[in-house]
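Following: one structure in structure tokens, then a few remarks.
The values are calculated or read from the model by the stated rules, or taken from the named source; none is laboratory data. A quick note: this is a predicted structure, and the numbers were derived from the prediction, not measured. Glycine also receives a Cβ, built like all others from the backbone with ideal geometry; neighbour counts cover every protein chain displayed. Side chains included, ligands, DNA and RNA excluded: accessible areas come from the protein's heavy atoms. Shrake-Rupley method; radii C 1.70, N 1.55, O 1.52, S 1.80 Å.
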Amino acid sequence: MDVQEFQSRLESLEADAVDRLAEAETEDEIIKVKNAFLGRNGEVQELMGILRELPDEDKPVAGRAANGCKEAIQEAYEDRLEALEAEQLRRQIAEEAVDVTLPARRPDPASPHPVTRTMRELTDVFVDMGFGVADGPEVEEDFYNFEALNFPKDHPARDMQDTFKMVDGRVLRTHTTPLQVRSLLAYEPPVRLVAPGRVYRCDSDLTHSPVFHQVDGFLVDHDITFSDLKGTLNHFADEVFGEETPVRFRPSFFPFTEPSAEVDIGCIFCEGAGCRVCGDTGWLEILGAGMVDPNVFESVGVDPEVYSGFAFGMGVERVAMLKYGIDDIRLLYDNDVRFLRQF
Amino acid sequence: MKISCNWLDDWIDLTGLESDELGHRLTMAGLEVDAVEEIGAGHEKIVVGRIDRIDTHPNADRLVLCQVDTGSGELRQIACGASNMEEGDLVPTALPGSQPPALDFEITEREMMDEASSGMLCSAEELGYDSEVDGLWILPEDLEVGAPFFEAMGLRDTVFEIDLTPNRADCLSHLGVARDLSAIFDRPLRRKRRELDWSDCIDPSKTAEDAAGLTVEDPEGCPRYAFAVFEDIEVGPSPMWLQRRLASIGVRSVNNIVDATNFVLMDVGQPLHAFDLDELAGPEIVVRRAREGESIEGIDHETYELDTEDLVIADAERPVAIAGVMGGARTEVSESTSRILLECAFFDPQSVRRTAKRHGLHTDSSHRFERRIDPAGIDRHLDGAIGALVDSLEASEEAPVVREGRVDESVEGVEDGWMVQLPGDLATRLLGTDVTRDVVEDTLERLGLEVTSGDDDGWNVGVPSYRGDLERPVDLVEEVARLHGYDTIPETLPDREMGGRHRLRADADHPRTIRSRADRQIEQRMRDELLGLGLQEAVNHSFMSDEELERLRVPADSELRESAEIANPLKADEKYLRTTLLTGLLRNLTMNRAQRVRDIALFEMGQRHFDPDRGDGANERRSLGILLAGRARRHWTGDREWDFFDLKGVLESTCESFALSGAQWREPSDEIPWFHPGVQAEWMTYEGSGQTLAQAGRLHPEIVNELEVDGPVLLAELDLDVLWRCGEREGEFEGLARHPSVERDLALVVDSDVTYQTVREAIESFRGDDDEFDALLERVELFDVYTGEQVPDGTRSLAFNLVYRADDRTLTEDEVAGVDDRLVDYLGDRLDAHRR
């Protein structure tokens, strides 16, 4: 065998190896092919045996050729292996692909009840203004619910609030205003608190529920004026119903305030033009308010010559119904899941 | 209360004021106008027509053809079926395009039996008025032909529905509203209605005392009583002016006597009552409290059993009226009445109110007495009432009228009203704006108060007796603010430090009312957690019925039966305040299922109420209720139903931020009857003997069947007050482990009735026996529960993952294997457990 033949044998071995590597489909096959050529008993090794038989002057050339062949096969092997890995990864990726538009897996979306949510929003406006939050019993003594709030016994003012009476003589609180009495008995002025909570009146129709919620608030200190009340509630209206919401104060009557006011906001639906919701008046009644009546101060032992204060109260359901456009108050208490999901 | 503008015109000249403006100004002065009714508006095409000629109808016997002048210059032919008219009569004529108020169709040009008919001649009924006349409404001759009918007849009116606050008793009449309008618009009051001179009607030879005796036995209940007697009267329909007045405010005409009393009531606010004098035994009037066992048949023909506190008007024998509330049937004025006794009195407001409430009555009369009528007005109003009655009776001047006004006890201060001292700076101090002296004086004077200068720049203000609501200086400040306009008061924010701590009062010991910020936040966090887990928040009423507890098989001695009872529930099944939130949540379940909503996960936070006689003082307890039913997860990769362990998980996640490390789940010590006997548990706090934090379980399958809701329903109720007392978990940093742990899996076979909790506690207790175990064991977690062929019958396998770790070295498997073996031996001794 001369050197040319040796070289051509190497060349055909290399070509053969490259072909067979290309045909090998798995990692094992590829290794097997590599070993068949480069292994200890492989074909290249076999040919190396022949190298020794070549004339010495040819050996360097043949040696280089043989190394070149080995390297080429090694390289082809590595390439093939790499290609196979790449192929496998590609296949894996292809297999793992999903329709990303399919629906997600998650807990059902849930949100607070519109009443709770609204009550919190209303409360937070005052908390941000520096008011504390007061809490008290729902079954209340007549004294706190009525008498100390200047509702004398056998007075028609009591008809303003249809009252559930308990068999034991107490009442279901008709407003959270008793917290004004309880708080003024407990704390030294200045006192500034909001009382969110559940209240009761025996009345039931599209807009009245026997159980509903109120946010009541009051501020008692030196030199508190009606203009402070106006400013505070204007700020409140801006926060809850949007900047520049018009606010209107109308004279009214509550036994525990004097002067008293009903507070309207410009209708948020028609912006004052007149619509079904506001009864064509352009205004929505939202709050009752006023200056704390001297009789209330007297019943809690605070001197009306020294202190003055304002108080206000609003129905949470009323605000929630306006904000969410709910036309039947009973929907709020049915807890129909289809309703609750909408908030 | 309805207020007619035409009627107001008797008291004040409102010329030039549109009804919109009037309504707005009344509302802004505190007399809230709820509705405005325009009577006769939009009927311009109903006009006064004159019948020029009446011809027979060529094709119909029962119709005539009228040639009617409607002021247009041409006669129009109108077919008519009436026969009470003559040529030259004026009649209301509805032109084509109009719709008479009582008809439900529009008048059109049409042919009647082949003859053109261009309009309709109207009867009173067709125009919305009662009439005894059969046929057309023949109008007074002096009306202008072609003029709009309602205007020409003075029937055009604007009526305000005013929602009066209970303090404004003085405004419960046209006079009262006119007084406020007089102050608002600064226009004087007047008296336009003709005042009859009835002095000639008095027969000086007869006095009222001759006709009837008067005894007021209870001057406290009736400080003033006056009456007049009318003889030789004829009861009949009221004159037209009176009918019209009452009709305009929706009061039905009865007869000339009753109508006159109603007129005075609505005109000046004084309730009156007319008795048939011939039916009064004695005849005598006794004002007294009812006697034991007395009853009276009211004019509504209901019989009222009287209470001895009820003030009555009695004759010599028995009660004839419930004072200030309702008259009696026996002495009611009837068609045959010829002599009446007209009562004009002041009754004590509280007494009238108690009596009216007691009998469930609310009348125009009691409404006014309760709110306090003008005590000084009795004399004046009796005079006015006599005038109105004479007018109503259309009595000739010779008709005999006997009059006697008698005033007994005097109500304090009524003669001249009373004085209120108004400090000079009070208005400015309360309103927060400079109110000038002129404004104060002018406003109060316009209201009819007498203002004179008093001490220290203040005023002495004389208040008339009809303004019972003006007793204190602050009441006068409100009057100034109300009439000057709340919109003139500026807006300021309280100029002071806000948000500081509230200091407890030193002079008294009253319970705190303030909820801390932390307290509110933690509740909010719990709510957020529940929402995050996919539960919807429910809000239910606080009511509950016996039936609902019955359905839940709540035993008679259960705490849930110790409910607080409402004396006046709206419905029979809302008689109790809830002692559990579960009844409400179950109502929500059945309601949703009825709407075919299958998957329901709800929670509610609210109060449970208990009978105060229970004695532990905790009558109101905050609670969290949870209901899970249907699928916990709906997904195309597979659905999953809620189960008991989800329920436990929801509770535990929700309470994550509380210090509950020692709290334990256990089978309830007493079986909870509304839960599935095999799926119910209590969650106990660790303190002392432990308090029940929550009860959780599956609704009993029998109850599920009764409620007709399929599938398992999981329920839990957690006592938030108990949870709160556990306090918040205090986080404290512990160093991170530096050496790797060794994990061992250990499957233990135990008898089926040995609970997980028992095994878990045994593992924990081994710590005490084995120092090495105690030092190395970091964590134990159950990862599998198995029952089946691989383990003997009556046993199950609990597989735990145990994590061991040493602080100072890397543990080896061998080291740990020995510890494990000792644990298994220990559990073998204790629980007869062995390795699977």
Legend entry - Boolean, B:R561 is facing chain A (nearest Cβ under 10 Å), farther than 21 Å from A:V115 by Cα and surrounded by 13 or more Cβ atoms within 10 Å (Cβ to Cβ): no
Inset, instruction - Filter the range A:292-317 for residues that are touching a residue at least 40 places away in the same chain (Cβ under 8 Å) and charged (D, E, K, R) and give the result. - result: A:D293, A:E317
Inset, instruction - Consider A:V240 carefully, then state whether it is more than 10 Å from chain B (Cβ to nearest Cβ) and either farther than 20 Å from B:R512 by Cβ or more than 34 Å from the chain's Cα centre (by Cα) (or both). - result: yes
Legend entry - Filter result (part of a loop (DSSP other than H, G, I, E, B) and either aromatic (F, W, Y) or open to solvent by less than 60 Å² (accessible area, probe 1.4 Å) (or both)) within the range B:233-249: B:I233, B:V235, B:G236, B:S238, B:P239, B:I249
Inset, instruction - Output the number of residues of the range B:801-836 satisfying the condition of being more than 20 Å from B:P740 (Cβ to Cβ) and either of a type in the set (K, R) or not in a helix (DSSP H, G or I) (or both). - result: 7
Inset, instruction - Test A:R338 against the criterion of being open to solvent by 20 Å² or more (accessible area, probe 1.4 Å), more than 10 Å from every other protein chain (Cβ to nearest Cβ) and at pLDDT below 95, and give yes or no. - result: no
Legend entry - 1 or more residues at pLDDT 95 or above, open to solvent by less than 80 Å² (accessible area, probe 1.4 Å) and touching a helix residue (DSSP H, G or I) at 6+ places or on another chain (Cβ under 7 Å): qualifying strands (runs of 3 or more DSSP E) within the range B:639-745: B:675-684, B:692-699, B:713-719
Inset, instruction - Mind listing just one residue for me: the one in the range B:92-128 that is in a loop (DSSP other than H, G, I, E, B) and touching a helix residue (DSSP H, G or I) at 6+ places or on another chain (Cβ under 7 Å) and, of those, surrounded by the most Cβ atoms within 10 Å (Cβ to Cβ)? - result: B:P100
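Here is a yes/no grid of residues against (1) more than 7 Å from every other protein chain (Cβ to nearest Cβ); (2) open to solvent by 70 Å² or more (accessible area, probe 1.4 Å); (3) out of contact with any strand residue (DSSP E or B) (no Cβ under 6 Å at 6 or more places or on another chain):
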site: B:P490; (1), (2), (3): no, no, yes
site: B:R503; (1), (2), (3): no, yes, yes
site: B:D509; (1), (2), (3): yes, yes, yes
site: B:Q521; (1), (2), (3): yes, yes, yes
site: B:L535; (1), (2), (3): no, no, no
site: B:S542; (1), (2), (3): no, no, no
site: B:A556; (1), (2), (3): yes, yes, yes
Inset, instruction - Could you check, for the range A:115-125, whether at least one of its residues is more than 7 Å from chain B (Cβ to nearest Cβ), over 22 Å from A:V211 (Cα atoms), of a type in the set (A, V, I, L, M) and buried (at least 18 other Cβ atoms within 10 Å of the Cβ)? - result: yes
Inset, instruction - Give the residue, chosen from A:D124, A:D128, A:D154, that is within 37 Å of the chain's Cα centre (by Cα) and over 24 Å from A:M291 (Cβ atoms). - result: A:D124
Legend entry - Number of the exception - A:Y333 against (1) touching a residue at least 40 places away in the same chain (Cβ under 8 Å); (2) among the aromatic types (F, W, Y); (3) under 25 Å from B:R482 (Cβ atoms): (3)
Inset, instruction - Taking the residues in the range A:243-261 that are more than 9 Å from chain B (Cβ to nearest Cβ) and of a type in the set (D, E, K, R) as candidates, determine which candidate is least open to solvent (accessible area, probe 1.4 Å). - result: A:E243
Legend entry - Residue list for the range B:291-308, restricted to those being in a loop (DSSP other than H, G, I, E, B) and not hydrophobic (A, V, I, L, M, F, W, C): B:R291, B:E292, B:G293, B:E294, B:D300, B:H301, B:E302, B:D307, B:T308
Inset, instruction - List the number of the failed condition for B:F766; all other conditions in (1) touching a residue at least 40 places away in the same chain (Cβ under 8 Å); (2) closer than 25 Å to B:F645 by Cα hold. - result: (2)
Legend entry - Residues that are within 10 Å of chain A (Cβ to nearest Cβ) and not small (G, A, S), drawn from the range B:477-488: B:V477, B:E478, B:E479, B:V480, B:R482, B:L483, B:Y486, B:D487
Legend entry - Among residues of the range A:192-202, those that are at the interface with chain B (Cβ under 8 Å from one of its Cβ atoms) and either without any contact (Cβ under 8 Å) to a residue 60 or more places away in the chain or surrounded by fewer than 21 Cβ atoms within 10 Å (Cβ to Cβ) (or both), counted: 2
Inset, instruction - Those residues that are closer than 29 Å to A:A320 by Cα and hydroxyl-bearing (S, T, Y), I need them from the range A:252-309; list them, please. - result: A:S252, A:T257, A:S260, A:T281
Legend entry - Residues within the range B:17-63 that are among the β-branched types (V, I, T), outside any helix (DSSP H, G or I) and either within 14 Å of chain A (Cβ to nearest Cβ) or without any contact (Cβ under 8 Å) to a residue 40 or more places away in the chain (or both), tallied: 4
Legend entry - Conditions (1) over 23 Å from B:D259 (Cα atoms); (2) crowded, with 21+ Cβ neighbours inside 10 Å; (3) without any contact (Cβ under 8 Å) to a residue 60 or more places away in the chain: number failed by B:D348: (3)
Inset, instruction - Give the number of residues within the range B:612-628 that are open to solvent by 20 Å² or more (accessible area, probe 1.4 Å) and more than 8 Å from chain A (Cβ to nearest Cβ). - result: 7
Legend entry - Failed criterion for A:V133 (all others in (1) of a type in the set (A, V, I, L, M); (2) in the same structural domain as A:G315 (by TED's automatic domain parsing); (3) open to solvent by 10 Å² or more (accessible area, probe 1.4 Å) hold): (3)
Inset, instruction - Can you confirm whether the range B:252-272 contains a residue that is in a loop (DSSP other than H, G, I, E, B), under 35 Å from the mean Cα position of the chain (by Cα) and on the phi > 0 side of the Ramachandran plot? - result: yes
Legend entry - Among the residues listed as B:R593, B:R587, B:R598, the single one being outside any loop (DSSP other than H, G, I, E, B), within 12 Å of chain A (Cβ to nearest Cβ), open to solvent by 60 Å² or more (accessible area, probe 1.4 Å) and charged (D, E, K, R): B:R587
Inset, instruction - Report whether or not A:L185 is part of a helix (DSSP H, G or I), open to solvent by 10 Å² or more (accessible area, probe 1.4 Å) and either more than 26 Å from B:K575 (Cα to Cα) or facing chain B (nearest Cβ under 7 Å) (or both). - result: yes
Legend entry - Flag for A:D264 being charged (D, E, K, R) and open to solvent by less than 10 Å² (accessible area, probe 1.4 Å): yes
Inset, instruction - May I ask you to list the residues in the range B:37-80 that are among the acidic types (D, E) and surrounded by 17 or more Cβ atoms within 10 Å (Cβ to Cβ)? - result: B:D69
Inset, instruction - Please give the number of the condition A:V171 fails out of (1) within 7 Å of another protein chain (Cβ to nearest Cβ); (2) within 11 Å of A:P137 (Cα to Cα). - result: (1)
